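Only one structure is covered here, and it is reproduced in the block below.
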Amino acid sequence: MRIINKRLRSVGVIATLLTALISFTGCASGNTAVDKNTTQQVQGESKGDGSTSPASVNENSGVKGELKVHFLDVGQADSILIQQGEQSMLVDAGNNDDGNLVKDYLQKQGIKNLEFLVGTHPHEDHIGGLDYVINAFKVGKLYMPKASSNTKTFTDVVNAAKNKGLSFTAPNPGESFKLGEATVTILSPNGSGYEDLNNYSIVVKVAFGNTSFLLTGDAEDVSEKEIMAKGFDVSSTVLKVGHHGSNSSTTLEFLSKVNPKYAVISVGKDNTYGHPKQNILDRLKGKGIPVYRTDESGTIIATSNGTSVTFSAKPGTYNGFGNSTGSSDKSSYEEKEDSAVASTAAPAPSVKEESSVTTPASESSSSNRIVYWTPNGKSYHYDKNCSTLSRSKTINEGALSSTPKSDPCDKCVK
Ligand SMILES: [Zn+2]
Ligand SMILES: [Zn+2]
(Lines give C-alpha, C1' and ligand atoms only; values in the text may rest on other atoms or scores of the structure.)
(Ligands and ions follow the chains in the order given, each with its own letter.)
Protein backbone atom coordinates (compact mmCIF):
# COMPACT_ATOMS: atom_id res chain seq x y z
CA MET A 1 0.00 0.00 0.00
CA ARG A 2 2.66 2.37 1.00
CA ILE A 3 4.62 1.61 -2.11
CA ILE A 4 1.67 2.47 -4.24
CA ASN A 5 1.16 5.70 -2.41
CA LYS A 6 4.78 6.61 -2.82
CA ARG A 7 4.67 5.84 -6.48
CA LEU A 8 1.56 7.89 -7.00
CA ARG A 9 3.14 10.70 -5.12
CA SER A 10 6.24 10.56 -7.27
CA VAL A 11 4.20 10.65 -10.40
CA GLY A 12 2.28 13.60 -9.08
CA VAL A 13 5.41 15.47 -8.23
CA ILE A 14 7.00 14.76 -11.57
CA ALA A 15 3.90 15.89 -13.37
CA THR A 16 3.86 19.04 -11.36
CA LEU A 17 7.50 19.65 -12.01
CA LEU A 18 7.06 19.22 -15.70
CA THR A 19 4.04 21.39 -15.98
CA ALA A 20 4.73 24.29 -13.80
CA LEU A 21 7.71 24.48 -11.65
CA ILE A 22 11.09 25.31 -12.95
CA SER A 23 11.87 28.70 -14.21
CA PHE A 24 15.28 29.39 -15.53
CA THR A 25 16.08 32.94 -16.29
CA GLY A 26 18.41 33.81 -19.09
CA CYS A 27 21.78 32.94 -17.83
CA ALA A 28 23.91 35.48 -19.59
CA SER A 29 22.23 38.66 -18.47
CA GLY A 30 24.17 40.85 -16.17
CA ASN A 31 27.16 38.60 -16.07
CA THR A 32 30.50 39.23 -17.56
CA ALA A 33 32.20 36.69 -19.68
CA VAL A 34 35.32 35.03 -18.42
CA ASP A 35 38.08 37.52 -18.37
CA LYS A 36 41.67 36.51 -18.00
CA ASN A 37 42.40 39.95 -16.62
CA THR A 38 39.99 39.63 -13.76
CA THR A 39 42.68 39.72 -11.16
CA GLN A 40 44.17 42.82 -12.68
CA GLN A 41 40.75 44.43 -12.68
CA VAL A 42 40.34 43.67 -9.02
CA GLN A 43 43.63 45.30 -8.31
CA GLY A 44 42.81 48.28 -10.45
CA GLU A 45 39.50 48.84 -8.73
CA SER A 46 40.82 48.67 -5.26
CA LYS A 47 43.67 51.06 -5.78
CA GLY A 48 42.86 54.72 -5.60
CA ASP A 49 40.00 54.08 -3.28
CA GLY A 50 40.51 56.85 -0.83
CA SER A 51 38.21 55.43 1.79
CA THR A 52 39.18 55.69 5.41
CA SER A 53 38.43 52.06 6.03
CA PRO A 54 40.90 50.53 8.45
CA ALA A 55 41.34 47.66 6.05
CA SER A 56 44.13 48.91 3.90
CA VAL A 57 45.10 47.35 0.62
CA ASN A 58 46.91 44.15 1.37
CA GLU A 59 50.43 44.10 0.22
CA ASN A 60 50.94 42.58 -3.22
CA SER A 61 47.46 41.12 -3.52
CA GLY A 62 45.69 44.35 -4.43
CA VAL A 63 42.56 43.53 -2.47
CA LYS A 64 41.23 44.98 0.73
CA GLY A 65 40.02 43.13 3.79
CA GLU A 66 39.39 39.44 3.96
CA LEU A 67 37.57 36.66 2.26
CA LYS A 68 36.02 34.25 4.72
CA VAL A 69 34.95 30.77 3.66
CA HIS A 70 33.01 28.83 6.28
CA PHE A 71 32.67 25.08 5.82
CA LEU A 72 29.70 24.43 8.06
CA ASP A 73 29.52 21.21 10.02
CA VAL A 74 26.34 19.77 8.57
CA GLY A 75 27.35 16.16 9.01
CA GLN A 76 27.27 14.06 5.86
CA ALA A 77 26.44 17.02 3.63
CA ASP A 78 27.76 20.31 2.26
CA SER A 79 27.12 23.91 3.20
CA ILE A 80 29.67 26.63 2.50
CA LEU A 81 29.31 30.31 3.34
CA ILE A 82 31.52 32.83 1.56
CA GLN A 83 31.81 36.40 2.78
CA GLN A 84 33.69 39.31 1.26
CA GLY A 85 33.14 42.87 2.37
CA GLU A 86 29.42 43.33 2.83
CA GLN A 87 28.47 40.55 0.45
CA SER A 88 27.65 36.93 1.10
CA MET A 89 27.09 33.79 -0.90
CA LEU A 90 25.98 30.36 0.23
CA VAL A 91 26.84 27.18 -1.63
CA ASP A 92 24.49 24.38 -0.52
CA ALA A 93 22.54 24.18 2.73
CA GLY A 94 23.01 20.71 4.19
CA ASN A 95 20.40 18.02 4.70
CA ASN A 96 16.71 18.63 5.34
CA ASP A 97 17.34 18.51 9.07
CA ASP A 98 20.12 21.09 8.82
CA GLY A 99 17.84 23.91 7.66
CA ASN A 100 17.62 25.61 11.04
CA LEU A 101 21.28 25.06 11.81
CA VAL A 102 22.34 26.77 8.59
CA LYS A 103 19.83 29.57 9.05
CA ASP A 104 20.99 30.20 12.63
CA TYR A 105 24.63 30.17 11.63
CA LEU A 106 24.08 32.75 8.92
CA GLN A 107 22.03 34.92 11.24
CA LYS A 108 24.81 34.77 13.83
CA GLN A 109 27.11 36.20 11.18
CA GLY A 110 24.71 39.12 10.88
CA ILE A 111 23.62 38.09 7.43
CA LYS A 112 20.28 39.35 6.14
CA ASN A 113 20.92 39.15 2.42
CA LEU A 114 22.58 36.54 0.31
CA GLU A 115 23.73 38.11 -2.91
CA PHE A 116 24.12 34.63 -4.35
CA LEU A 117 22.75 31.25 -3.39
CA VAL A 118 23.91 28.09 -5.13
CA GLY A 119 22.29 24.67 -4.95
CA THR A 120 25.06 22.62 -6.54
CA HIS A 121 22.80 19.71 -7.50
CA PRO A 122 19.43 18.33 -6.39
CA HIS A 123 20.61 15.80 -3.81
CA GLU A 124 19.18 16.14 -0.32
CA ASP A 125 22.57 16.54 1.36
CA HIS A 126 23.11 19.71 -0.68
CA ILE A 127 19.72 21.31 -1.15
CA GLY A 128 17.93 19.87 1.91
CA GLY A 129 18.06 23.11 3.90
CA LEU A 130 17.80 25.39 0.91
CA ASP A 131 14.09 26.09 1.38
CA TYR A 132 14.75 27.31 4.95
CA VAL A 133 17.43 29.63 3.64
CA ILE A 134 15.24 30.94 0.85
CA ASN A 135 12.46 31.62 3.35
CA ALA A 136 14.74 33.34 5.88
CA PHE A 137 16.94 35.60 3.76
CA LYS A 138 16.66 38.00 0.91
CA VAL A 139 18.30 36.19 -1.98
CA GLY A 140 19.70 38.04 -4.98
CA LYS A 141 20.31 35.23 -7.39
CA LEU A 142 19.66 31.52 -7.05
CA TYR A 143 21.79 29.22 -9.17
CA MET A 144 20.59 25.67 -9.76
CA PRO A 145 21.69 23.27 -12.50
CA LYS A 146 19.25 22.18 -15.17
CA ALA A 147 18.45 18.95 -13.39
CA SER A 148 15.63 18.02 -11.14
CA SER A 149 14.68 15.20 -8.87
CA ASN A 150 11.40 13.53 -8.04
CA THR A 151 11.87 14.11 -4.33
CA LYS A 152 9.90 16.11 -1.82
CA THR A 153 13.15 17.86 -0.97
CA PHE A 154 13.48 19.22 -4.48
CA THR A 155 9.83 20.20 -4.65
CA ASP A 156 10.24 22.09 -1.37
CA VAL A 157 13.03 24.16 -2.88
CA VAL A 158 11.05 24.86 -6.02
CA ASN A 159 8.04 25.95 -3.99
CA ALA A 160 10.06 28.10 -1.60
CA ALA A 161 11.66 29.87 -4.55
CA LYS A 162 8.32 30.32 -6.24
CA ASN A 163 6.75 31.78 -3.13
CA LYS A 164 9.56 34.31 -2.95
CA GLY A 165 9.28 35.19 -6.62
CA LEU A 166 12.77 33.84 -7.08
CA SER A 167 13.64 32.04 -10.28
CA PHE A 168 16.37 29.52 -10.91
CA THR A 169 19.36 30.80 -12.82
CA ALA A 170 21.07 28.12 -14.85
CA PRO A 171 24.85 28.05 -14.56
CA ASN A 172 26.77 29.07 -17.62
CA PRO A 173 30.32 27.70 -17.35
CA GLY A 174 32.85 30.42 -18.00
CA GLU A 175 30.71 33.23 -16.64
CA SER A 176 31.95 35.10 -13.63
CA PHE A 177 30.58 37.62 -11.19
CA LYS A 178 31.80 39.72 -8.32
CA LEU A 179 31.22 39.00 -4.65
CA GLY A 180 32.62 42.13 -3.06
CA GLU A 181 36.16 42.20 -4.42
CA ALA A 182 36.24 38.47 -4.95
CA THR A 183 35.57 36.98 -8.36
CA VAL A 184 33.42 33.89 -8.64
CA THR A 185 33.71 31.86 -11.84
CA ILE A 186 31.38 29.02 -12.75
CA LEU A 187 33.24 26.01 -14.17
CA SER A 188 30.53 23.37 -14.60
CA PRO A 189 28.36 21.51 -15.51
CA ASN A 190 29.62 21.37 -19.07
CA GLY A 191 27.27 18.71 -20.37
CA SER A 192 23.90 17.09 -19.89
CA GLY A 193 22.31 13.68 -19.85
CA TYR A 194 24.52 12.51 -17.01
CA GLU A 195 23.66 9.20 -15.45
CA ASP A 196 24.53 10.54 -12.06
CA LEU A 197 23.05 13.73 -10.66
CA ASN A 198 26.41 14.44 -9.01
CA ASN A 199 27.88 15.42 -12.36
CA TYR A 200 25.37 18.25 -12.66
CA SER A 201 27.15 19.84 -9.69
CA ILE A 202 27.83 23.52 -10.14
CA VAL A 203 31.57 23.90 -9.57
CA VAL A 204 32.77 27.41 -8.72
CA LYS A 205 36.15 28.98 -8.24
CA VAL A 206 36.28 31.93 -5.86
CA ALA A 207 39.35 34.10 -6.39
CA PHE A 208 40.47 36.78 -3.98
CA GLY A 209 43.76 38.53 -4.65
CA ASN A 210 46.32 35.81 -5.20
CA THR A 211 44.32 33.15 -3.40
CA SER A 212 41.44 31.00 -4.59
CA PHE A 213 38.99 28.33 -3.49
CA LEU A 214 37.63 25.57 -5.70
CA LEU A 215 34.22 24.36 -4.52
CA THR A 216 33.31 21.18 -6.32
CA GLY A 217 30.00 19.97 -4.89
CA ASP A 218 29.75 16.27 -5.70
CA ALA A 219 31.26 16.55 -9.19
CA GLU A 220 32.75 13.22 -10.21
CA ASP A 221 35.51 12.15 -12.58
CA VAL A 222 33.26 12.71 -15.62
CA SER A 223 32.78 16.37 -14.76
CA GLU A 224 36.40 16.85 -13.68
CA LYS A 225 37.48 15.66 -17.13
CA GLU A 226 35.10 18.02 -18.87
CA ILE A 227 36.27 20.97 -16.79
CA MET A 228 39.87 20.24 -17.74
CA ALA A 229 38.93 19.71 -21.39
CA LYS A 230 37.39 23.17 -21.41
CA GLY A 231 40.74 24.58 -20.43
CA PHE A 232 39.48 26.37 -17.32
CA ASP A 233 42.13 27.45 -14.87
CA VAL A 234 41.37 25.20 -11.92
CA SER A 235 44.54 25.90 -9.95
CA SER A 236 43.48 26.89 -6.45
CA THR A 237 44.89 27.51 -3.00
CA VAL A 238 42.12 25.50 -1.34
CA LEU A 239 40.22 22.53 -2.77
CA LYS A 240 36.88 21.47 -1.33
CA VAL A 241 37.33 17.79 -2.08
CA GLY A 242 34.58 16.49 -4.37
CA HIS A 243 31.74 14.25 -3.16
CA HIS A 244 32.75 14.08 0.52
CA GLY A 245 36.01 12.31 -0.33
CA SER A 246 34.38 9.54 -2.38
CA ASN A 247 36.65 7.79 -4.85
CA SER A 248 34.24 8.82 -7.59
CA SER A 249 36.03 12.17 -7.56
CA THR A 250 39.41 13.86 -7.12
CA THR A 251 41.20 11.96 -9.86
CA LEU A 252 44.96 12.24 -9.73
CA GLU A 253 44.94 14.23 -12.96
CA PHE A 254 42.43 16.74 -11.62
CA LEU A 255 44.18 17.04 -8.28
CA SER A 256 47.46 17.71 -10.06
CA LYS A 257 45.86 20.47 -12.11
CA VAL A 258 44.23 22.07 -9.09
CA ASN A 259 47.48 21.72 -7.19
CA PRO A 260 45.97 22.95 -3.93
CA LYS A 261 47.93 24.02 -0.91
CA TYR A 262 45.13 22.86 1.37
CA ALA A 263 42.13 20.55 1.10
CA VAL A 264 38.83 20.55 2.97
CA ILE A 265 36.48 17.58 3.24
CA SER A 266 32.87 18.09 4.31
CA VAL A 267 31.82 14.73 5.68
CA GLY A 268 29.87 13.19 8.56
CA LYS A 269 31.41 10.99 11.22
CA ASP A 270 30.61 7.29 10.77
CA ASN A 271 28.50 7.97 7.71
CA THR A 272 26.91 5.07 5.91
CA TYR A 273 28.64 5.73 2.59
CA GLY A 274 32.19 5.03 3.67
CA HIS A 275 33.40 8.60 3.07
CA PRO A 276 36.09 9.75 2.94
CA LYS A 277 37.88 6.99 1.08
CA GLN A 278 41.36 5.98 2.16
CA ASN A 279 42.75 6.10 -1.38
CA ILE A 280 41.65 9.73 -1.75
CA LEU A 281 43.27 10.64 1.57
CA ASP A 282 46.41 8.78 0.51
CA ARG A 283 46.40 10.76 -2.71
CA LEU A 284 46.28 14.02 -0.78
CA LYS A 285 48.87 12.83 1.70
CA GLY A 286 51.14 11.78 -1.13
CA LYS A 287 51.16 15.34 -2.37
CA GLY A 288 51.76 16.73 1.11
CA ILE A 289 48.42 18.52 1.20
CA PRO A 290 47.03 19.17 4.69
CA VAL A 291 43.40 18.07 4.96
CA TYR A 292 40.81 19.86 7.08
CA ARG A 293 37.78 17.73 7.91
CA THR A 294 34.41 18.72 9.30
CA ASP A 295 33.95 15.26 10.84
CA GLU A 296 37.05 15.84 12.97
CA SER A 297 37.00 19.61 13.49
CA GLY A 298 33.38 20.67 13.16
CA THR A 299 32.81 23.92 11.29
CA ILE A 300 36.01 25.16 9.66
CA ILE A 301 36.64 28.77 8.71
CA ALA A 302 39.29 29.59 6.14
CA THR A 303 40.35 33.23 5.94
CA SER A 304 42.22 34.77 3.05
CA ASN A 305 43.87 38.18 3.15
CA GLY A 306 44.46 38.02 -0.56
CA THR A 307 47.95 36.63 -0.15
CA SER A 308 47.62 33.65 2.14
CA VAL A 309 44.94 31.50 3.74
CA THR A 310 44.67 30.60 7.41
CA PHE A 311 42.36 28.06 9.05
CA SER A 312 40.39 28.13 12.29
CA ALA A 313 41.20 24.49 12.94
CA LYS A 314 44.22 22.22 12.92
CA PRO A 315 44.72 19.88 9.96
CA GLY A 316 42.91 16.58 10.36
CA THR A 317 44.10 13.03 9.98
CA TYR A 318 44.56 11.02 6.81
CA ASN A 319 42.49 8.21 8.26
CA GLY A 320 39.86 7.12 5.78
CA PHE A 321 36.52 5.69 6.69
CA GLY A 322 37.04 2.68 8.92
CA ASN A 323 40.70 3.15 8.02
CA SER A 324 40.36 0.46 5.40
CA THR A 325 41.98 0.65 2.03
CA GLY A 326 40.38 -0.10 -1.25
CA SER A 327 37.04 -1.10 0.15
CA SER A 328 34.17 -1.20 -2.25
CA ASP A 329 32.58 2.13 -2.89
CA LYS A 330 29.10 2.22 -1.53
CA SER A 331 29.44 5.91 -1.81
CA SER A 332 26.12 7.21 -2.87
CA TYR A 333 22.65 6.46 -1.86
CA GLU A 334 21.93 9.07 -4.41
CA GLU A 335 22.25 7.03 -7.54
CA LYS A 336 19.85 4.43 -6.28
CA GLU A 337 17.13 6.54 -4.84
CA ASP A 338 16.90 9.75 -6.73
CA SER A 339 16.08 9.29 -10.33
CA ALA A 340 17.37 12.21 -12.24
CA VAL A 341 15.11 14.10 -14.52
CA ALA A 342 17.40 16.31 -16.45
CA SER A 343 15.77 19.11 -18.28
CA THR A 344 17.81 19.49 -21.37
CA ALA A 345 15.19 21.58 -23.05
CA ALA A 346 15.35 25.32 -23.17
CA PRO A 347 14.54 27.13 -19.95
CA ALA A 348 10.94 26.72 -19.03
CA PRO A 349 8.69 29.73 -18.96
CA SER A 350 8.19 31.43 -15.68
CA VAL A 351 6.57 29.80 -12.73
CA LYS A 352 2.83 29.73 -12.80
CA GLU A 353 0.32 29.48 -10.07
CA GLU A 354 0.34 25.90 -9.06
CA SER A 355 -1.71 24.28 -6.38
CA SER A 356 -1.63 20.70 -7.44
CA VAL A 357 1.21 19.50 -5.25
CA THR A 358 -0.53 17.34 -2.75
CA THR A 359 1.02 17.00 0.63
CA PRO A 360 2.12 13.42 0.88
CA ALA A 361 1.39 13.36 4.56
CA SER A 362 -1.24 10.77 5.04
CA GLU A 363 -0.19 7.23 4.64
CA SER A 364 -2.79 6.10 7.07
CA SER A 365 -2.56 2.40 6.35
CA SER A 366 0.79 2.23 8.10
CA SER A 367 0.02 4.68 10.83
CA ASN A 368 1.21 2.36 13.60
CA ARG A 369 4.67 2.07 12.24
CA ILE A 370 7.36 3.41 14.56
CA VAL A 371 9.09 6.45 13.14
CA TYR A 372 11.81 8.83 14.35
CA TRP A 373 12.20 12.59 14.16
CA THR A 374 14.18 15.47 15.64
CA PRO A 375 12.66 18.55 17.28
CA ASN A 376 13.90 20.89 14.57
CA GLY A 377 13.78 18.61 11.57
CA LYS A 378 10.84 18.57 9.29
CA SER A 379 11.00 14.94 8.23
CA TYR A 380 10.14 11.69 9.88
CA HIS A 381 12.35 8.65 9.43
CA TYR A 382 11.87 4.90 9.37
CA ASP A 383 15.51 4.27 10.11
CA LYS A 384 16.74 5.39 13.51
CA ASN A 385 20.25 5.35 12.08
CA CYS A 386 19.39 7.47 9.06
CA SER A 387 22.40 9.67 8.42
CA THR A 388 20.27 12.80 8.47
CA LEU A 389 19.33 12.04 12.06
CA SER A 390 22.77 11.12 13.22
CA ARG A 391 23.95 14.51 14.41
CA SER A 392 20.94 15.41 16.45
CA LYS A 393 21.13 14.95 20.21
CA THR A 394 17.42 14.45 20.57
CA ILE A 395 15.66 11.81 18.55
CA ASN A 396 11.97 11.33 19.21
CA GLU A 397 10.24 8.06 18.59
CA GLY A 398 6.59 7.23 18.12
CA ALA A 399 3.90 5.87 15.86
CA LEU A 400 3.67 7.40 12.43
CA SER A 401 0.23 8.68 13.35
CA SER A 402 1.69 10.55 16.32
CA THR A 403 4.61 12.33 14.72
CA PRO A 404 4.15 16.06 14.23
CA LYS A 405 6.33 15.81 11.11
CA SER A 406 4.64 15.49 7.78
CA ASP A 407 7.51 14.89 5.40
CA PRO A 408 8.88 11.42 4.76
CA CYS A 409 12.67 11.36 4.68
CA ASP A 410 13.96 11.03 1.14
CA LYS A 411 16.59 8.58 2.24
CA CYS A 412 15.04 6.05 4.53
CA VAL A 413 11.30 6.21 3.91
CA LYS A 414 10.61 4.08 0.90
ZN1 LIG B 1 26.75 15.09 -1.45
ZN1 LIG C 1 25.21 14.21 -4.58
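So the values come out like this:
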item	result
Relative contact order %, the range 66-337, counting alpha carbon pairs below 8 Å whose residues are six or more apart	17
Accessible carbon and sulfur surface of the range 258-306 relative to its total accessible area, %, 1.4 Å	40
By average C-beta atoms within 10 angstrom, highest first, the peptides 163-169, 222-228	222-228, 163-169
Mean accessible surface per residue for the range 60-123, computed with a 1.4 Å probe while every protein chain stays in place, in Å²	28
Accessible-area order (highest first, 1.4 angstrom probe) of the listed residues Phe116, Phe154	Phe116, Phe154
Solvent-accessible surface (1.4 angstrom probe) belonging to Arg283, in square angstrom, nearest 10	70
Among 119-130, 294-305, 72-83, the order from most to least packed when residues are scored by Cβ within 10 Å on average	119-130, 72-83, 294-305
Percent of beta bridges antiparallel (DSSP, the range 66-337, rounded to nearest 5)	60
Mean Cα-pair separation over length for the range 122-227, i.e. relative contact order, pairs under 8 Å, 6 or more apart, %	21
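The values are calculated or read from the model by the stated rules, or taken from the named source; none is laboratory data. Every value quoted in this text rests on a predicted model; they were computed, and no experiment measured them. Backbone-built Cβ (ideal geometry, glycine too); neighbour counts: all protein chains shown. Remember, those area values only see protein heavy atoms, side chains included, never the ligands or the DNA or RNA. Shrake-Rupley method; radii C 1.70, N 1.55, O 1.52, S 1.80 Å.
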